[in-house]
Amino acid sequence: MSYIPVPGTYSVGGLPYGTEIWVYADWPWPPLFGTPEYSGSFEGNPLIITRGGPNLTDINILMQRMCIADRDCDGICNPGESAPNCSGSDVCPNDPENDSDGDSLCGDIDNCPHHYNPLQEDIFPPQGNGIGDACECEGDFACDGDVDGSDASVFKFHFGRSLSHYQCTAFDPCRGDFTCDGDVDGTDATLFKSDFGRNAFNSPCPACVMGGWCAYP
């Protein structure tokens, strides 16, 4: 137990990481707002205590892990470093999920961090867009994070466009020409159907890249 008699800077240390600490602070009487805050640290991480309300028992405690020796704050130390709040050596020091899809690529450099894609294929659109094909939501026309009925309506409207019928142009591009071959056909429909139904709870779509999908004349 630590007793803090007056505002100031205090430190506690030498405790195993994850230790529960009870802090009691004496606030000046009468209990007015604007009371100076207490500041300190636990295992090198900032600890700030401020008044949270008009009562003596209203206390806010803010603790922020700086994770200096553990950049991604996952409890595994950066390679070649050590600290009380981490152990081991992190093969993915910038990825707190530590290659969650198991494709031997850390999430911070993986173009589909939650989908197994060791080859990092990115041919949709043909010029690539930094999002791997394994997790690309080609049919998220609204860029709202899902492929739903509104996207299906857009695809249906453009389905059947080709070089000889309602041609795709730079001024009126085709929505759904995923392979950028100048039409919206069965191949594109297969890709759209494979993504239909994706949402925040079902195979979430990655951040949508705004802008033209294909370069038309």
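The numbers here are math on the coordinates, done by the rules we state, and not lab data. Worth saying up front: this structure is predicted, and the values here are computed from it rather than measured.
Backbone amide hydrogens, once placed in the peptide plane, bring I76 within less than 5 Å of S87, excluding anything fewer than 5 places away on its chain. The HN-Hα couplings worked out from phi for region 73-87 by the Karplus form 6.51 cos²θ - 1.76 cosθ + 1.60 (θ = phi - 60°) are 6, 9, x, 10, 5, 4, x, x, 10, 8, 6, x, 9, 8, 8 Hz, whole numbers, x standing for Gly and Pro. Cα centroids of region 74-99 and region 156-183: 48 Å apart. For region 155-166, 3J(HN,Hα) computed residue by residue from phi via the Karplus equation (6.51, -1.76, 1.60; θ = phi - 60°) reads 4, 4, 4, 8, 4, x, 5, 7, 5, 9, 9, 6 Hz, glycine and proline entered as x.
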